[in-house]
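Below is one structure; the comments refer to it alone.
The values are calculated or read from the model by the stated rules, or taken from the named source; none is laboratory data. Just so we're clear, the structure is a prediction, and the values are computed from it rather than from any experiment. Note: ideal-geometry Cβ built from the backbone for every residue, glycine included; neighbour counts use all protein chains shown. What goes into the accessible areas is simple: the full protein's heavy atoms, side chains included, and nothing from ligands, DNA or RNA. Shrake-Rupley method; radii C 1.70, N 1.55, O 1.52, S 1.80 Å.
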Amino acid sequence: MRSKLPKRRKMVVSRRERYIPVRPSEAWSVDFVADQFANGTRLRALTVVDVFSREALAIEVGQRLRAEDVVAVLNRLVAQRQAPRFLCADNGSEFSGRVLDMWAYHYNVKIDFSLPGKPTDNSFIETFNGSFRDECLNLHWFETLAQAKREIEAWRQDYNENRPHMALQDLTPGEYARKYSLPLKVGGT
């Protein structure tokens, strides 16, 4: 009798290069950040960042965020801007399921999944999430969901409009996005 199971062979897949956007709204990156309220109840935040401008497009806060919530946030952003060509995400169930796949098909968006266990594949969102945790989540004890949404949205706007980045020629993400941006959609057209 065998004492060990046979070693699994992994399929070798050559990885193509990541898409490098040349203007805002060509590639977005999404991820979740977990935290808790002052009473110990769990809190999740969906973060969406524009890869070109490093602009925080949205931070959706809730206790339970599912794939339907991800699609609702993305639909809201597409109504304000335009759909990206690429969406960078990890392999979480909210991103790898049918709901987001149908959204991507509808808007002709390619989903670029990071390799399992390789957060550096999605470095822009991981860097943003580190700043978000250090500068917002770790500094506040949220009592209610409404307070969390208020404080987090204020931090997101400050991040976009008042914090210059060396990588963006010492412009803020908002200034950099406006400098290279296409006009925003007006009236849902």
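Considering Cα pairs under 8 angstrom that are at least six residues apart, work out the relative contact order of segment 98-189 and quote it in whole percent. List each step's numbers first, then the result.
Values: 31 pairs, mean separation 9.7, N = 92.
Averaging sequence separation for qualifying contacts and normalising by length gives 11 percent for segment 98-189.
Between residue 133 and residue 178, full extension at 0.36 nm per residue minus the direct alpha carbon distance yields a gain of 13.6 nm.
Given a cut-off of under 8 Å on Cα pairs at least six residues apart, what relative contact order in percent is computed for the chain?
Numbers: 271 pairs, mean separation 43.3, N = 189.
Reported as a whole number, the value is 23 percent.
The residues of the chain expose on average 63 square angstrom of accessible surface per residue, using a 1.4 Å probe on protein heavy atoms.
In the elastic network of the chain, a GNM with C-alpha springs shorter than 10 Å, the most mobile of 149, 179, 118 is 118.
Per-atom-type breakdown for segment 68-189 gives carbon and sulfur 53% of the accessible area (1.4 Å probe, protein chains only). Report the number of Lys pairs in the chain whose alpha-carbons are under 28 Å apart, with separation of 8 or more residues or on distinct chains. Close lysine pairs found across the chain: 7. Length gained on full extension, residue 82 to residue 69, computed as 0.36 nm times the residue gap minus the Cα-Cα distance: 2.8 nm. Which residues does the label zone of residue 37 cover in segment 47-86, counting backbone N under 15 Å from a point 7 Å along Cα→Cβ? So the set is 61-65.
For the residues 142, 86, 124, a GNM of the chain with alpha-carbon springs under 10 Å puts the largest fluctuation on 142. A straight line joining the Cα centroids of segment 148-162 and segment 53-117 runs 20 Å. Summed over qualifying helices (DSSP H, 4 residues or more, each -39500 (n - 2.57)) and divided by its residue number, the chain shows a 222 nm mean residue ellipticity of -11000 deg cm²/dmol.
Only helices at least 15 Å long along their axis, Cα-based, and averaging -1.0 or more on Kyte-Doolittle count here, so list those DSSP H runs from the chain. Working shown, then result.
Details: long enough: 67-80 (20 Å, 0.81); 123-135 (18 Å, -0.64); 145-162 (25 Å, -1.63).
For the chain, where a helix must reach 15 Å along its axis and average at least -1.0, the hits are 67-80, 123-135.
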